[in-house]
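The values are calculated or read from the model by the stated rules, or taken from the named source; none is laboratory data. Remember, it's a predicted structure, so these values are computed and weren't measured experimentally. Note that each Cβ is placed from the backbone with ideal geometry, even for glycine, and that neighbours are counted across all protein chains shown. The protein model used for the area step is the full one, side chains on, heavy atoms only, and it has no ligands, DNA or RNA in it. Shrake-Rupley method; radii C 1.70, N 1.55, O 1.52, S 1.80 Å.
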Amino acid sequence: MLRKILISFMIIFIGAGMIVPVHGVSAQTSTIVILVSDNEADSAVADNIGELLNAPVVETVWGAYDPKVSAQIVEKEPDFVIIIGGELAVPAEYEEDISTMGIEIIRWAGQNREETSFRAVKGLKEYFPTVFEGIKVLSIIDGRDSVSYGEMKLAEHGIVAFVNYESADFEARVDELINLINPDLVYITLLKQRSPQDEYIFKGGAKVDKIVQKYQSSSIVVSPVSVLISKKDVLGEIDSAENRILEANATFDGLQEPKAKAMLENAMREVEQAREALANGDYATAYLKAITAKGHAEIALKHANELRRGIFQGSVEFALRRQIARLRWMVVGLKNTGADITEIEQLLDNAENDLKSHRYDEAQKMIDEAKNRIKEIFANRKGREHGHPPKRGKH
């Protein structure tokens with residue numbers, strides 16, 4: 001137990017190292033892979049949990065499905081996969097691919113990034129309770145604050161949770177996390193612009209002070225931590241927003257969706273406003289404009305993906321071609337494990353020939369047979385059946 005010292009305030013300058021990272025103790029014996037989108041909050045949670053479980057993290061572009069990512073997962077021959085984030089962030093196609101291999105899936109997701117963070121921590125406690133024996137530090141960060149995570153992730157024996165500082169249940173959620181984790185020390189970050197005298201970028205200072213006062217007589221040390229945002233941080237967020245806009249534009253590629261197009265136009269204007277604010281030294285406005293632009297681009301990307309799914313569902317031939325293309329990537333992943341995939345490739349070749357001749361029923365039969373063989377070969381790679389996640393509270 002740490003000595004009971006109430007740290008009234010700490011200033012952490014971004015870029016300055018704080019504490020040396022230490023891998024968490026993993027209580028699991030199965031091979032785990034974590035799949036997450038490149039959303040800053042979700043990927044931060046995934047990296048943190050990956051450290052605690054000694055599990056590799058595979059990342060996909062937010063809202064986009066890429067069968068090459070599924071192939072990366074197959075190469076790692078997991079017993080099960082943990083998905084962090086909802087289907088908007090990590091599309092359902094990944095679950096379909098992973099299930100094709102006979103691998104079972106656990107998805108920890110909420111309606112937003114803060115709820116996803118909480119459910120991930122809760123799920124970790126349910127499935128891997130012994131991991132929490134080594135956790136001494138809880139770092140609480142506003143869900144919109146990707147800057148503070150870069151510093152707080154270095155906390156030794158620590159876990160990170162994202163909370164909406166402006167929500168009515170902020171205090172209740174912090175209490176839930178503390179009761180769930182039972183840490184010795186709790187950091188609650190407050191993002192500031194340029195100097196300690198400036199205002200917080202996100203509201204919540206009064207709420208944080210209230211929580212600090214609440215735990216003064218507790219054995220748990222609760223300390224506010226001021227994190228200073230830099231020009232580099234803002235530029236990184238602007239670049240991230242611009243990349244999301246490019247991804248959305250590429251996904252549309254000829255598709256017509258007026259509302260989504262208007263959303264993208266808003267996002268581009270907000271990026272320009274962010275750059276103007278940055279040039280004027282207003283980091284707070286620039287950062288807020290950048291994260292707003294990214295959010296609008298993600299909504300547009302969501303609409304584009306929905307349109308494309310509708311096209312695939314509306315055409316039998318498109319749907320079959322897509323199934324074959326996806327399975328071929330599963331085969332690539334399987335081949336990289338050292339498996340003999342000759343029979344599966346032949347089945348997929350037969351399916352393509354049937355498709356060319358418009359024998360759709362026969363093509364589907366070949367595809368289904370290929371799926372069965374993929375599952376059998378993958379299971380036999382380890383001499384046992386895959387797909388059994390740990391029992392809750394047994395590890």
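Tabulated results
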quantity: Using alpha-carbon coordinates, inclination of helix 258-279 to the longest axis of the chain, degrees; calculated: 40
quantity: Computed log₁₀ I(q)/I(0) - Debye formula, equal Cα scatterers, no solvent, the stretch 147-248, q 0.15 Å⁻¹; calculated: -0.72
quantity: Nearest-0.05 FRET efficiency for residue 111 and residue 321, computed from C-beta distance (R0 25 Å); calculated: 0.15
quantity: Potential lengthening between residue 249 and residue 342 on full extension [0.36 nm per residue; Cα-Cα distance subtracted]; calculated: 29.7 nm
quantity: Cα extents of the stretch 241-384 along the three principal axes, largest first (Å); calculated: 63, 37, 18
quantity: 0 to 90° range, to nearest 10: angle between helix 231-252 axis and the chain longest Cα axis; calculated: 30
quantity: DSSP beta bridge pairing in the chain, given as percent antiparallel to the nearest 5; calculated: 5
quantity: Descending principal axes extents, the stretch 289-351, alpha-carbon based, whole Å; calculated: 52, 31, 8
quantity: Kirkwood-Stokes translational diffusion coefficient of the chain, alpha-carbon pairs, 25 °C, 0.890 mPa s, µm²/s; calculated: 107
quantity: Proximal aspartates and glutamates relative to residue 365, as straight alpha-carbon distance under 13 Å, when same-chain residues fewer than 8 apart are discounted; calculated: 349, 352, 354
quantity: Peptide ranges 323-330, 351-358, 43-50, 295-302 listed from the most packed, as the mean C-beta count within 10 angstrom indicates; calculated: 43-50, 295-302, 323-330, 351-358
quantity: Among the listed pairs 207/231; 68/153; 76/375; 68/371, those beyond 19 Å (Cα-Cα); calculated: 207/231; 68/153
quantity: Residue (of 31, 290, 236) at the positive-pole extreme of the chain, dipole from beta-carbon charges; calculated: 31
quantity: Solvent-accessible ranking of 167, 117, 219, largest area first, probe 1.4 Å; calculated: 219, 167, 117
quantity: Listed residues 346, 110, 211: farthest to the positive end of the dipole of the chain (Cβ charges); calculated: 211
quantity: Stretch gain in nm, segment residue 280-residue 199, where the contour uses 0.36 nm per residue and the Cα spacing is subtracted; calculated: 27.5 nm
quantity: Folded to 0 to 90 degrees: helix 205-214 orientation relative to the chain principal axis, Cα; calculated: 80
quantity: Beta bridges per DSSP with both ends in the stretch 120-239, % antiparallel, nearest 5; calculated: 5
quantity: Where a label projected 7 Å from the Cα of residue 209 along Cα→Cβ would reach, residues of the stretch 104-143 with amide N under 18 Å; calculated: none
quantity: Segment residue 216-residue 239, length gained on full extension (0.36 nm per residue, minus Cα span); calculated: 4.2 nm
quantity: Dmax and Rg, reported as Rg then Dmax, of the stretch 92-213 (C-alpha, Å); calculated: 16.3, 56
